[in-house]
Amino acid sequence: MTQPEKTTEHVLEVAHLSVTYHDKHLFAPDTSFQALTDVTFHVNHGEILGLVGESGCGKSTLSKAILGMLPRAEVKGEIRHFTKRPQMVFQDPFGSLNPAKTVGWILEEPLRVFGKYDAPERRRRVLDMLERVGLGEEYASRRPAQLSGGQRQRLSIAVALIQRPRFILADEPVSALDVTIQAQILDLLWDLRQELDLSYLFISHDLNVIYSICDRVMVMEKGRIIEQGTVDEVYDHPQQEYTRKLLGAVQL
Amino acid sequence: MIDTHNRTFRAGAVITGIMLLIILVGLVWTPYDPNAMNGAAKLASPSLAHLLGTDNFGRDIFSRVVQGAGATFLIAAVSVAAGLVIGVVLGGLTGWYGGWVDELLMRLNDTLTAFPSILLALVLIALFGSGKYNIIFALGLLFVPTFARIVRMEVAKQKELDYVRSARLMGVGSMRILFVHILPNIVPVLLSTIAISFNNAVLAEASMSYLGVGVQPPDPSLGRMLNEAQSYLLSAPWYALSSGVAIVLLVLGFGLLSEGLGGETDA
Amino acid sequence: MGTIAKKTGTLLLTLLLVSAMAFLAFQIIPGDPVTKILGTDYTPERAATLRHELGLEGDLSARYLRWLAGFITGDFGISYSYMKPVRQVMQGKLAVTAALSVLSWLLVLLFSIPLGIALARYHKGVFARAAATVNQVFMAVPPFFIGILFTYLFGLLLKWFVPGKFVPFSESFWGCLGYLFFPALAIAIPKAAKTARLLVSSIMGEMQKDYVRTAYSRGNSRWMVIRTHVLRNALLPVVTYLAMSLADIVAGSIIVEQVFVVPGIGRLLVASIASRDFPVALTIVVIIAALVVFMNYVADLVTQFIDPRVRLS
């Protein structure tokens, strides 16, 4: 991790990022697909940066690229993290939790891997984290299938947080939830930012959600960032045709 | 997670349970010594003294069937277990790492599983000779591709799910993810395969012992008993009947269990 | 057309691979057949001549190629036990096993389809439940046990055939068929039970689909729906299964031939393994293996042609 001079403290810097997928076929010509092109942005300490765009525009690819989860793709450009152990809250709260394990086991696993705590200490931290995200002690022995959508998402957040990150990448964290539950989870994320000094990259296709929680926002179209600025700037004075189109389709 | 309440599963469980009970008891006690010959009571029909009659040497058939069933069960169980362990490791590793090794092994696997297992088993016996340990080895080898293929397919599927990504973000090592995180999710699928394989093992062992290339005397085997019994069909049909029915019950029990679990009942 | 070419290519490659694997397998066996055959008559000259006759000279690849060339042209080598060409030893036996297998396959077809349809049609009655259970039992009974039961019931008690006295085709066509009927049936019963069950679950699966609902809404009775719409689609997986079953049936005949003392290649295979007559064993193994691969290929092609979904892709 490099520490260049900065005006405000950054937790993440991405410069000229391009991601291309190459598919090799045995009896057909090789194909390639450029998922991201020349993406440049940064996330400031303590802010919630939104990333909005339609399905398939490359949001998922960006989140995977940032966390180094694209072993088979061609990644060009720079990604600089200024925090340790950046974490992710996944879109599908069911798929991202191991259905064969209990809640307690899932939360304890990162601590086990870390190796520095003994069993009672791990137990204590698990229970502490459960409480912090609003789940009671009794959830520790349940399995993900026994939890509701909102509860699973809280658990996902807990899994991310128990590793003490400073930066969290939230990939459509509330898209699979009912509107009322959405509000609860957004409140939780907001409070946690305060309590634990977090910064977020918040990805969503839902403009309302972005508006309610984000400080700044980027608009992505077909793998490119076409506009970025504070939420008020972008929503009130959209510069690009595409942004206007997105905003026009939504009741704010 | 698994529905164990349907009638088929329960029927299978009952049958298997009774067979297992008899076998277990048989390990420590049988009404007569299975090898004790009694010249006075040759080919006696079923009676209170001998529940299933006696064979051409005067040996108690019931005791021999119990012993034979135990031996068949053990051979089948050990070979399935061996094939399972190796198959899981092989399938897990290839499914996880992929690449050309994976492609190659899968092609090989597809070719092998297309063959009737009897044929492969016979070839292996031809190579290594007969006897109970060779049978276990041959059958175990035969089951590796079956399990490897299923595990590999499931691992390749599970690998793409978010909980695996989440585990990687946690810093969990690859092998731990594979065997501690992913594997427990594959167990349900494996269960019915295990039951089917067990049945195939029982039939294969019985067949080969019947043919004379399986378990050799003095080791007990239902298959070999059937072979002996065939010569006395007219004079003592109960001999063949008991040995055969024992095989059928073993296979039926596990077949029903497997069907009850929702799997297919054919290899 | 391109897919057929590709699949045929895979077929040939697989056949080659299979023959190589089988050949290799039989080479690992320790012991020199030449010394065993010559025994006390061993001299270096005789050994060299015998080695040449048996095709045992040269390194592995040379031997394999020589063997392969011979195999394709019908020369299967020399049997160690009989010291005669394998082809001669096998004469007539292949036909017997073929007859047995085809007969068995036809019996499977004959029983499983109507049975499956009937089970699906009356799937709710007590009768159907009982029938399904009986089906399960039939799936669990190994062919050689059925064979023994038949020998007892039809052979010894009812005397419809003489167990162990095979009637050759040359002697009497109907006699031969009559004798083969019982082993064929013994093999067919568990297979038919499994096939019927496959058909039932296939039909049931189809009944869940949308187009069935449409058919009902047009006023068709359940039976009409099954007969006119569902059956065609439900039979698809069954056809594939049946095509592949032929291989299993041939394998089943290996054991059943022992029970009924039928002079086919199954019985010959077992004998050759017991007596370590590897040229014979190898030949039969490769023939059966090739048959299996070929039948899978046929099943694959048949599926291609019948299944409209596959054709379109």
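The values are calculated or read from the model by the stated rules, or taken from the named source; none is laboratory data. It should be emphasised that the depicted structure is a prediction, and the values quoted were computed from it without experimental measurement. Cβ coordinates were reconstructed from backbone atoms using ideal geometry, including for glycine residues, and neighbour counts include every protein chain displayed. Protein only, heavy atoms only, side chains kept; ligands, DNA and RNA dropped before computing areas. Shrake-Rupley method; radii C 1.70, N 1.55, O 1.52, S 1.80 Å.
Of the residues making up segment B:112-125, those that are within 21 Å of C:V256 (Cβ to Cβ) and assigned to a loop (DSSP other than H, G, I, E, B) are B:F115, B:P116.
Annotation: of all residues in segment B:200-210 being open to solvent by less than 20 Å² (accessible area, probe 1.4 Å) and within 8 Å of chain C (Cβ to nearest Cβ), the one that is farthest from C:A274 (Cα to Cα) is B:A206.
I'd like the full set of residues that are in contact with a His (Cβ under 7 Å, 6 or more places away or on another chain) and either within 15 Å of A:L161 (Cα to Cα) or of a type outside the set (S, T, N, Q) (or both), limited to segment A:79-123. Within segment A:79-123, just A:F82 meets the criteria.
Within segment A:216-231, the set of residues being open to solvent by 90 Å² or more (accessible area, probe 1.4 Å) and outside any strand (DSSP E or B) comprises A:K222 only. The lone criterion from (1) touching a residue at least 40 places away in the same chain (Cβ under 8 Å); (2) at the interface with chain B (Cβ under 9 Å from one of its Cβ atoms) left unmet by C:L149 is number (1). Any idea how many residues of segment B:153-184 are at the interface with chain A (Cβ under 9 Å from one of its Cβ atoms), in a helix (DSSP H, G or I) and open to solvent by 30 Å² or more (accessible area, probe 1.4 Å)? Of the residues in that region, 8 qualify. Considering (1) small (G, A, S); (2) modelled with pLDDT of 80 or more; (3) open to solvent by 50 Å² or more (accessible area, probe 1.4 Å), the lone condition that C:S313 does not fulfil carries the number (2). Could you tell me whether any residue of segment C:287-303 is in contact with a Pro (Cβ under 7 Å, 6 or more places away or on another chain) and open to solvent by 20 Å² or more (accessible area, probe 1.4 Å)? No, segment C:287-303 has no match at all. Please go through segment B:223-236 and give me each residue that is of a type in the set (A, V, I, L, M), within 13 Å of B:G68 (Cα to Cα) and within 10 Å of another protein chain (Cβ to nearest Cβ), ordered by number. Answer for segment B:223-236, where residues must be of a type in the set (A, V, I, L, M), within 13 Å of B:G68 (Cα to Cα) and within 10 Å of another protein chain (Cβ to nearest Cβ): just B:L226. Taking segment C:271-286 as the range and being facing another protein chain (nearest Cβ under 10 Å), open to solvent by 10 Å² or more (accessible area, probe 1.4 Å) and within 25 Å of C:K165 (Cα to Cα) as the test, the residues that pass are C:A271, C:I273, C:A274.
Of the residues in segment C:130-141, at least one is more than 18 Å from C:E257 (Cβ to Cβ) and more than 28 Å from the chain's Cα centre (by Cα).
For segment A:6-21, the criterion of being within 14 Å of chain B (Cβ to nearest Cβ), farther than 21 Å from A:R193 by Cβ and free of Cβ contacts under 8 Å to residues at least 60 places away in the same chain is satisfied by no residue at all. Counting the residues of segment A:12-42 that are small (G, A, S) and open to solvent by less than 30 Å² (accessible area, probe 1.4 Å) gives 3.
Residues checked against (1) closer than 20 Å to B:L120 by Cα; (2) more than 14 Å from chain B (Cβ to nearest Cβ):
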{"residue": "C:T14", "(1), (2)": "yes, no"}
{"residue": "C:L17", "(1), (2)": "yes, no"}
{"residue": "C:F23", "(1), (2)": "yes, no"}
{"residue": "C:P33", "(1), (2)": "no, no"}
{"residue": "C:L38", "(1), (2)": "no, yes"}
{"residue": "C:E45", "(1), (2)": "no, yes"}
{"residue": "C:L50", "(1), (2)": "no, yes"}
{"residue": "C:L60", "(1), (2)": "no, yes"}
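Residues that are over 24 Å from B:V164 (Cα atoms) and open to solvent by less than 50 Å² (accessible area, probe 1.4 Å) number at least 2 in the following helices (runs of 4 or more DSSP H) confined to segment A:114-215: A:179-196, A:207-213. As a summary of the residue check, C:S217 satisfies the conditions (1) away from chain B (no Cβ under 14 Å); (2) polar (S, T, N, Q); (3) crowded, with 16+ Cβ neighbours inside 10 Å except for the one numbered (3).
In the list C:L268, C:L242, C:L301, which residue meets the criterion of being under 25 Å from C:T73 (Cβ atoms) and more than 10 Å from chain B (Cβ to nearest Cβ)? Only one candidate passes the filter, namely C:L268. Residues in segment C:66-91 that are in a loop (DSSP other than H, G, I, E, B), surrounded by 14 or more Cβ atoms within 10 Å (Cβ to Cβ) and not hydroxyl-bearing (S, T, Y): C:D75, C:F76, C:G77.
Out of segment C:28-47, which residues are surrounded by 13 or more Cβ atoms within 10 Å (Cβ to Cβ) and assigned to a helix (DSSP H, G or I)? C:P33, C:V34, C:I37, C:L38, C:R46, C:A47, listed by residue number.
The single condition among (1) open to solvent by 20 Å² or more (accessible area, probe 1.4 Å); (2) at pLDDT below 90; (3) out of contact with any Gly (no Cβ under 7 Å at 6 or more places or on another chain) that A:H45 does not satisfy is (2).
Listed here are the residues, each with its yes/no results for (1) under 12 Å from B:T8 (Cα atoms); (2) at pLDDT below 90; (3) not in a helix (DSSP H, G or I).
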position	(1), (2), (3)
B:P220	no, yes, yes
B:A229	no, yes, no
B:Y232	no, yes, yes
B:Y239	no, yes, no
B:A246	no, no, no
B:L249	no, no, no
B:L256	yes, yes, no
B:E259	yes, yes, no
B:G262	yes, yes, yes
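Of all the numbered requirements in (1) within 11 Å of chain B (Cβ to nearest Cβ); (2) within 30 Å of A:G136 (Cβ to Cβ); (3) in contact (Cβ under 8 Å) with a residue 60 or more places away in the chain; (4) not basic (K, R), A:E108 misses one, and that requirement is (3). So, of the residues in segment B:15-61 that are more than 29 Å from the chain's Cα centre (by Cα) and touching a residue at least 60 places away in the same chain (Cβ under 8 Å), which turns out to be surrounded by the fewest Cβ atoms within 10 Å (Cβ to Cβ)? Going through the qualifying residues, I end up with B:S45.
Scanning for something in contact with a helix residue (DSSP H, G or I) (Cβ under 6 Å, 6 or more places away or on another chain), part of a helix (DSSP H, G or I), buried (at least 21 other Cβ atoms within 10 Å of the Cβ) and within 9 Å of chain C (Cβ to nearest Cβ), does segment B:126-141 turn up at least one residue? For segment B:126-141, residues in contact with a helix residue (DSSP H, G or I) (Cβ under 6 Å, 6 or more places away or on another chain), part of a helix (DSSP H, G or I), buried (at least 21 other Cβ atoms within 10 Å of the Cβ) and within 9 Å of chain C (Cβ to nearest Cβ): present. For segment B:113-123, check the following and say yes or no: at least one residue is within 10 Å of another protein chain (Cβ to nearest Cβ) and surrounded by fewer than 19 Cβ atoms within 10 Å (Cβ to Cβ). Yes, segment B:113-123 has at least one match.
Conditions (1) among the charged types (D, E, K, R); (2) more than 27 Å from A:T31 (Cβ to Cβ); (3) open to solvent by less than 30 Å² (accessible area, probe 1.4 Å); (4) assigned to a loop (DSSP other than H, G, I, E, B), marked per residue:
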residue	(1), (2), (3), (4)
A:P71	no, no, no, yes
A:K76	yes, no, no, no
A:R80	yes, yes, no, no
A:K84	yes, yes, no, yes
A:F94	no, yes, no, yes
A:A100	no, yes, yes, yes
A:G104	no, yes, yes, no
A:L107	no, yes, yes, no
A:L111	no, yes, yes, no
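Being within 11 Å of another protein chain (Cβ to nearest Cβ), touching a helix residue (DSSP H, G or I) at 6+ places or on another chain (Cβ under 6 Å) and either buried (at least 19 other Cβ atoms within 10 Å of the Cβ) or more than 21 Å from C:V225 (Cβ to Cβ) (or both) is a description that applies to C:A140.
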